[in-house]
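Inspection log for the structure reproduced underneath, given as structure tokens.
The values are calculated or read from the model by the stated rules, or taken from the named source; none is laboratory data. Keep in mind that what you see is a predicted model, and the values were worked out from it rather than measured. Here the Cβ positions follow ideal geometry from the backbone for every residue, glycine too, while neighbour counts run over all protein chains shown.
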């Protein structure tokens with residue numbers, strides 16, 4: 001086992017603190033040509049997706065009068081975002097995000113074209129519509145984490161929150177007019193025309209990504225296997241309290257507010273007595289509210305903070321849902337959906353910003369994919385649930401119950417308070433010293449055990465122990481397993497931290513993943529070390545197969561034989 005006197009010396013890496021003084025305004029990211037092209041093309045793509053949603057939802061109401069089937073359209077579009085998001089995020093973190101985005105868009109365009117052909121020949125059915133919605137949604141699910149995690153590569157760090165807000169605006173600009181346009185297309189040309197428009201709308205976005213000359217920085221380590229990358233992403237989120245809190249809150253919010261988009265076709269048809277155009281107007285009102293809300297994101301975040309802003313928005317959204325459930329006129333219903341759209345958009349954007357400012361670059365796409373998975377999973381489950389309530393009770397009752405649920409969401413702050421974060425903690429740091437290696441090991445050698453000895457004054461034991469628990473979270477979210485800390489019975493000042501990695505390559509990846517927040521946790525623990533004693537690090541192979549020679553072997557013997565450990 002090698003020994004060092006110091007574990008790491010760090011220097012600041014990428015990622016700067018995002019503060020109000022450094023921001024260039026809500027439209028500043030559009031000065032970047034790459035971001036501007038992709039953002040503009042995404043508006044067209046979002047138009048296509050929303051027109052698809054209108055076409056499928058209205059076609060479903062034509063084929064069946066069952067509220068549950070109509071509500072399942074929303075679930076079919078959202079469920080793939082929950083199921084495919086994690087592997088898609090792992091792929092985006094492991095490979096070229098630009099190419100992964102193009103792949104996802106290509107899948108969505110292909111299945112959109114297939115749906116158009118089936119509809120043209122009148123071969124669709126309710127379950128076939130749901131199937132193709134899921135397949136198109138799977139392509140979008142592959143695209144989304146690659147796109148969102150690459151925003152930071154296209155704009156300056158100070159413009160990242162504004163760029164995230166613009167990303168949501170692109171969707172909601174389309175949502176303001178797309179549903180109404182979709183309703184008009186369905187009425188005049190039929191659902192098959194709406195499906196064809198969706199398939200074609202992906203092409204400008206594919207072209208925009210093809211024109212992006214992304215500067216990739218090669219890693220000194222080979223990429224993780226997909227399964228291991230997925231596990232690493234989940235473990236990071238599980239052991240990152242701020243991100244874990246945001247994801248749970250996002251799921252609950254999606255569950256509570258899913259009634260409005262899921263039951264909007266039934267509100268238009270059954271409550272207001274309208275047609276596809278009425279449905280489009282309702283969704284357009286919601287989209288306009290979302291665009292107005294997007295312009296207020298930075299104001300609300302700076303003025304109220306994340307937690308107060310989200311709580312206030314939940315109250316506004318809950319009251320608006322009550323209005324929609326009780327209204328019998330188009331203007332009042334539009335007002336309610338306008339408020340719901342704004343509250344929903346700002347809340348989701350605040351969640352998204354919290355994740356992007358907290359997660360380091362190495363796990364960004366996986367963190368965002370898990371965020372999307374939990375949010376859309378909540379929406380998908382909520383759409384099914386509120387559809388079932390509408391079927392057994394009434395559409396009005398389901399929306400009112402959803403509004404009541406939304407009004408109690410501020411109580412989540414009592415036990416799941418959202419973090420007030422900035423990008424400084426996620427800034428990468430470079431570990432300068434290299435570990436001492438005297439054995440002939442490879443990246444696949446392992447398991448690897450790390451032991452760190454600290455000498456701490458006995459009177460500081462409690463404070464030191466608390467600091468080590470915080471360091472434990474940093475170790476585990478960066479890839480360590482089986483973390484433990486022991487105190488020497490015969491020498492109480494001696495403490496030993498111990499943790500494992502499956503392979504030597506996993507240990508080296510952990511060193512590459514250190515952030516400023518991780519370094520601060522390490523320094524807080526190091527501060528308790530006695531001045532006259534440096535901490536000591538030991539790195540070793542556990543069950544060192546291949547590193548111990550056969551009994552009686554010559555110096556030239558092959559070292560990858562079964563180890564003979566002696567008596």
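Being in the same structural domain as residue 364 (by TED's automatic domain parsing), crowded, with 18+ Cβ neighbours inside 10 Å, under 26 Å from residue 167 (Cα atoms) and free of Cβ contacts under 8 Å to residues at least 24 places away in the same chain is true for just one of 284, 293, 317, 336. Which residue is that?
Residue meeting the stated conditions: 336.
Which condition number in (1) touching a strand residue (DSSP E or B) at 6+ places or on another chain (Cβ under 7 Å); (2) surrounded by 24 or more Cβ atoms within 10 Å (Cβ to Cβ) is the one that residue 361 fails?
Failed condition: (2).
Do we find that residue 413 is in the same structural domain as residue 267 (by TED's automatic domain parsing), in contact with a helix residue (DSSP H, G or I) (Cβ under 6 Å, 6 or more places away or on another chain) and surrounded by fewer than 16 Cβ atoms within 10 Å (Cβ to Cβ) in this structure?
Yes; evaluated as a whole, the condition is true for this residue.
Give just the number: which of (1) closer than 30 Å to residue 155 by Cβ; (2) assigned by TED's automatic domain parsing to the domain that holds residue 263 does residue 432 not satisfy?
Residue 432 satisfies every listed condition except (2).
Based on what the data block shows, is residue 363 assigned to a helix (DSSP H, G or I) and more than 27 Å from residue 157 (Cβ to Cβ)? Steps first, please.
Numbers: assigned to a helix (DSSP H, G or I): yes; more than 27 Å from residue 157 (Cβ to Cβ): no.
In short, no.
Tally time: how many residues in the range 320-333 are touching a helix residue (DSSP H, G or I) at 6+ places or on another chain (Cβ under 6 Å), surrounded by fewer than 24 Cβ atoms within 10 Å (Cβ to Cβ) and either part of a helix (DSSP H, G or I) or not assigned by TED's automatic domain parsing to the domain that holds residue 270 (or both)?
Residues flagged as touching a helix residue (DSSP H, G or I) at 6+ places or on another chain (Cβ under 6 Å), surrounded by fewer than 24 Cβ atoms within 10 Å (Cβ to Cβ) and either part of a helix (DSSP H, G or I) or not assigned by TED's automatic domain parsing to the domain that holds residue 270 (or both) within the range 320-333 amount to 2.
Name, by its number, the condition in (1) surrounded by fewer than 20 Cβ atoms within 10 Å (Cβ to Cβ); (2) assigned to a helix (DSSP H, G or I); (3) in contact (Cβ under 8 Å) with a residue 12 or more places away in the chain that does not hold for residue 403.
Residue 403 satisfies all of (1) surrounded by fewer than 20 Cβ atoms within 10 Å (Cβ to Cβ); (2) assigned to a helix (DSSP H, G or I); (3) in contact (Cβ under 8 Å) with a residue 12 or more places away in the chain except (1).
Go over the candidates 353, 379 one by one and state the one that is under 30 Å from residue 519 (Cβ atoms), part of a helix (DSSP H, G or I), assigned by TED's automatic domain parsing to the domain that holds residue 98 and modelled with pLDDT under 90. Don't jump to the end; show me each part of the working.
On the way: 379 fails: under 30 Å from residue 519 (Cβ atoms).
That would be 353, the only listed residue that is under 30 Å from residue 519 (Cβ atoms), part of a helix (DSSP H, G or I), assigned by TED's automatic domain parsing to the domain that holds residue 98 and modelled with pLDDT under 90.
Inspect the range 464-475 for any residue being surrounded by fewer than 18 Cβ atoms within 10 Å (Cβ to Cβ), farther than 24 Å from residue 228 by Cβ and touching a residue at least 40 places away in the same chain (Cβ under 8 Å) and give the result as yes or no.
Start the filter on the range 464-475 by keeping residues that are surrounded by fewer than 18 Cβ atoms within 10 Å (Cβ to Cβ), which leaves 465-466, 469-470, 473.
Next, from what is left, pick out any that are farther than 24 Å from residue 228 by Cβ: 465-466, 469-470.
Next, from what is left, pick out any that are touching a residue at least 40 places away in the same chain (Cβ under 8 Å): 470.
So far as the range 464-475 goes, yes, one or more of its residues are surrounded by fewer than 18 Cβ atoms within 10 Å (Cβ to Cβ), farther than 24 Å from residue 228 by Cβ and touching a residue at least 40 places away in the same chain (Cβ under 8 Å).
Going by what's in this entry, would residue 129 be described as touching a helix residue (DSSP H, G or I) at 6+ places or on another chain (Cβ under 8 Å) and in a helix (DSSP H, G or I)? Before you say what the answer is, go through the steps one by one.
Details: touching a helix residue (DSSP H, G or I) at 6+ places or on another chain (Cβ under 8 Å): yes; in a helix (DSSP H, G or I): yes.
In short, yes.
Quick check, is residue 201 closer than 24 Å to residue 282 by Cβ, modelled with pLDDT of 90 or more and in the same structural domain as residue 116 (by TED's automatic domain parsing)? Full working, then the answer.
Numbers: closer than 24 Å to residue 282 by Cβ: yes; modelled with pLDDT of 90 or more: yes; in the same structural domain as residue 116 (by TED's automatic domain parsing): yes.
For residue 201, the condition - closer than 24 Å to residue 282 by Cβ, modelled with pLDDT of 90 or more and in the same structural domain as residue 116 (by TED's automatic domain parsing) - is met.
Do we have residue 274 as under 23 Å from residue 54 (Cα atoms) and part of a loop (DSSP other than H, G, I, E, B) here?
Yes: the conditions hold for residue 274.
Consider the range 433-463. How many of its residues are surrounded by 14 or more Cβ atoms within 10 Å (Cβ to Cβ) and without any contact (Cβ under 8 Å) to a residue 24 or more places away in the chain?
Residues meeting the conditions: 0.
Determine if the range 416-428 includes at least one residue that is buried (at least 19 other Cβ atoms within 10 Å of the Cβ) and farther than 30 Å from residue 159 by Cβ.
No, every residue in the range 416-428 fails to be buried (at least 19 other Cβ atoms within 10 Å of the Cβ) and farther than 30 Å from residue 159 by Cβ.
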